[in-house]
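The values are calculated or read from the model by the stated rules, or taken from the named source; none is laboratory data. Remember, it's a predicted structure, so these values are computed and weren't measured experimentally. Heads up, the Cβs are rebuilt from the backbone with ideal geometry, glycines too, and the neighbour counts pull from every protein chain shown.
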Amino acid sequence: MSTRTQTLLSTLWIFVILNMFARDFHELGRPGMLEQVMSGVVDGVIITEELMLLGGIMFEVFIIMVVLSQVLKYKINRCVNMVMGLIAIAIVVMTNLSPDLDNIFFMIIEIIALVAIIGIAWKWKIETH
């Protein structure tokens, strides 16, 4: 199995996560955002425990892929990276339904990285020596 490919996939998942953190952190600088967060209502959406749990689960998809890309066997690793890459693209788009310019910027970067993950997994061939 190609540890280089596994490392590349894992690194790209980390890159996506860091961009998501950067976007979320950057969003806090938007006028009025901190006040909304503190009130528990952000852009008209009431932040409930269930919504926080859902957000945590969606984010965990990205985090777990860092580890799975390193430990799964070749065939399942390829499939999981392709499927989770598609799911992650859907999550990125769903969480940016009315984006502003900086959100669009981060979303494009995240989607490019996720398409790269899917493409690398798709083209990944097992090395035989």
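Of note:
- Scanning the stretch 108-129 for residues that are of a type in the set (Val, Ile, Thr) and in a helix (DSSP H, G or I) gives ILE108, ILE109, ILE111, ILE112, VAL115, ILE117, ILE118, ILE120.
- Failed item in (1) modelled with pLDDT under 95; (2) part of a helix (DSSP H, G or I); (3) of a type outside the set (Asp, Glu), with THR7 passing the rest: (1)
- Within the stretch 33-107, helices (runs of 4 or more DSSP H) holding 1 or more residues that are closer than 16 Å to SER10 by Cα: 49-71, 74-94
- Residue match in the stretch 97-120 (condition: out of contact with any His (no Cβ under 9 Å at 6 or more places or on another chain), among the charged types (D, E, K, R), modelled with pLDDT under 95 and over 13 Å from VAL16 (Cβ atoms)): yes
- Test: residue in the stretch 58-69 that is modelled with pLDDT of 95 or more, closer than 20 Å to LYS123 by Cα, out of contact with any Phe, Trp or Tyr (no Cβ under 7 Å at 6 or more places or on another chain) and not aliphatic (A, V, I, L, M): no
- Options LEU18, LEU54, LEU34, LEU72; residue that is of a type in the set (A, V, I, L, M, F, W, C), out of contact with any helix residue (DSSP H, G or I) (no Cβ under 8 Å at 6 or more places or on another chain) and over 24 Å from PHE105 (Cβ atoms): LEU54
- The listed residue being under 28 Å from ILE112 (Cβ atoms) and in contact with a Leu (Cβ under 8 Å, 6 or more places away or on another chain), out of LEU34, LEU28: LEU28
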